[in-house]
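For reference, the structure discussed in these notes is given below.
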Amino acid sequence: MKTLKRNKKPILKTLWRSTYEISSFVILTILYSFTLLLNRLGQKNRVLRSVSEKFDSWVKSLDKADKSGVSRLYLIEISFKNMAAKKTRTIVTIGGMAIGISFIVFLVSIGYGLQQLVISRVARLDELKQAEVVPGLSADLSLTDATLAKFKQITNVTDVLPLIAVVGRVSYQNSVSDIAVYGATADYLKYSALQPVKGNLFESNTTAFDTTNMPPVLGVSSVTREVGEEIGDVEISITQGVFLKVREEPSTDSPIIGYTKRIEGNTDGVEVWGENFESNGEAGQAGETAGGVPLGKWVKSTYLLWDKTPCNIEESGDCEDGEYMVVREEDNTQTQAEGFVAEISMTATPREIVSQVLGVSTDETDGSLPVVEIASESASANEQDIEKVDINSEAKKQIVVNRSVLQLLNISENEAIGRELDLAMVVVGELLDDPSKRVESAPLKYTIVGVIADEGTPIIYVPFIDVRSMGVNKFSQTKVIVDDKSNLIKVRSTIESAGYGTVSVADTVAQIDSLFANFRLILSILGMVALSVAALGMFNTLTVSLLERTREVGLMKAMGMKSDEVKSLFLTESMIMGLYGGILGLVLGLLVGKVLSVVLSALSIVKGVGFVDISYVPPIFVIAVLFLSMLVGIATGYFPAKRATKISALNALRYE
């Protein structure tokens, strides 16, 4: 073991020394090249002359060669003189290398440029820091004010902006049209990159009213409730993979009978009022007693039972998830028992709708939202009645429309700003606490304040508070903004783990990145073919150069030059040609790409699309290209250099 450790140190020391020698030699060659260039340019320029002197001092500081051998700087000078002596051959070799490198740079720059062009059309930088959150599958995973408050507490979240989607009925010049209406704040529209082509966006960012003198929220009855009071018959569907506690009474302090989970089909039960509980939705605090004690919704039913106890799935077929065992009777059938389950991780749907005017009781309400019955008061009323409400007096009554709305209503874009439309909005039950309800606002005159360029589906944007004033407590979706795009994945994961769905343009960008990564790989392979041809040409040039300089090599060895120094001489020449070929190829490839962009831009500007840049090279790729060119130079010069070390000085002088 001690011998192994002693051997390991010299190996690491040799590896470190070799790495330093190679890297410093490469840097020395590059600096010397710049020094030569600056010396030529600085003959008539004092500033360039001073810069050249600075580079020269750096070159000398790096030239720390063995005093018993030839200076590395001297080897570089000889290499440049040898290449200058064979100008035509050197130019052809460097030119071939430049063409190969330029082909790679051109193809890859097109790949990067097209990727950036597509991404810029798909998403802005701000959109990569956003995610749209949609409600979960169960009823307690709806988007409410409480949910938004929880989202805002997540680390790295800077803002949460809700959106309500309803149906609008627009009356204009004796015509009636049904159009999608989005209730949104001004910030939501700005983050969505909606730029008005005419007028401006409305400035309302209000999301809630002062509820001091407001009537009870629509969808929640103002009649007081008591624990154990039945709400109605429901069908429940428990979220897949979740086990829920079954209690003797609708209380979190009641004894646990067992645990239950989702079974095939839906389970019938009775929704009852019980003790309040923690939940993601409104079910945990959906009502209150006469004394103001909050109540939650529970479901009373007969449930199949499991017992929570550690178990082994392989040893027992009754074991599930490693911690739940089926509870069985003496006849080996699974135990069933009547109990209460809190409405958590489940969907409870009313089996019958027996409401009058949306099933809302207003016995104690004398607020400012007048209710007008639309359905008949007789037993022949429609299954889903409609409640008409007036938009609150605090409503902004301003709208932003897209061009499709103007085309539908036959309104000129230049005359749209200031036009008034009669707009009535219809809210369905899924946005209210009672899914059987339907609320429609009385027609109200709205003024067009802005027009956006979208020509797809006709859409009207109204201030969020206008729709909210109809009693909407649940939101269609919400936009979550994070402080940096790198934190978006973590924030989305946190939200999704709570049961909500998320969608982001970052997903599309990731797919585009993956597609273009494969595209660039194919282009790089094609470019490598051209580079391989150039490398073979350089190899041939160096081999022929070696044959022509056999006598020179023998003379240098006879004068005392070591074999390693002869090898370094040939490697220096190949590396210099590779480096110069890489620089010229990089410039040529970028130039061709930009010329192509200008040509395409001229065509796109004529068609009104604007300037198009399809060529882009990231800085890291520039460094990679220069490194690749030097690597190819060293690789092609290695065998001729190694062959030069085997030339006998005596034979070279004798036969050459």
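Cβ crowding within 10 Å, taken as a proxy for footprinting-reagent exposure, orders Ser23, Ser568, Ser597 from fewest neighbours to most as Ser23, Ser597, Ser568. Charge dipole (Cα centre; +1 on Lys/Arg Cβ, -1 on Asp/Glu Cβ; no other charges) of the range 500-656 amounts to roughly 540 debye. Counting 0.36 nm for each residue step from Thr508 to Val242 and taking away their Cα separation leaves a gain of 92.6 nm. Simple rule: put +1 on each Lys or Arg Cβ and -1 on each Asp or Glu Cβ in the range 230-350, find the dipole, and look at Val327, Val242, Ala290; the Cα lying farthest toward the positive end is Ala290. Relative contact order for the range 230-350: 31 percent, from Cα pairs under 8 Å spaced at least 6 residues apart, divided by residue count. On the basis of the beta-carbon distance and an R0 of 56 Å, Asp145 and Leu36 show a calculated FRET efficiency of 0.20. A dipole drawn for the range 438-568 from +1 and -1 charges on Cβ atoms has a positive end, and of Leu531, Ser514, Ile495 the residue lying farthest that way is Leu531.
Here r is the Cβ-Cβ distance between Thr447 and Lys86 and R0 is 60 Å; the resulting FRET efficiency, rounded to 0.05, is 0.15. Computed extension length for Ser601-Glu430: 56.7 nm, one decimal, from 0.36 nm per residue of separation with the Cα-Cα distance subtracted. In plain terms, the chain from Lys485 to Thr457 could stretch by 7.1 nm, reckoned as 0.36 nm per residue minus the Cα-Cα distance.
Only alpha carbons enter this Debye calculation for the range 230-350, each as an equal point scatterer, and the log10 of I(q)/I(0) it gives at q = 0.20 Å⁻¹ is -1.10. Taking other C-beta atoms within 10 Å as the exposure proxy, Glu271, Glu278 rank Glu278, Glu271 from fewest upward. Rounded to the nearest 20, the size of the Cβ-charge dipole of the range 230-350 about its Cα centre is 280 debye, with Lys and Arg at +1 and Asp and Glu at -1. With a Förster radius of 45 Å applied to the C-beta separation of Arg419 and Ala498, the computed FRET efficiency comes to 0.55. Take the Cα of Trp16, step 7 Å toward its Cβ, do the same at Gln285, and the gap between the two points is 6.4 nm.
Only the coordinates and a few stated rules stand behind these numbers; no lab work does. Owing to the predicted nature of the structure, the values given are computational and were not obtained by experimental measurement. In this analysis, Cβ positions are derived from the backbone assuming ideal geometry, glycine residues included, and neighbour counts consider all displayed protein chains.
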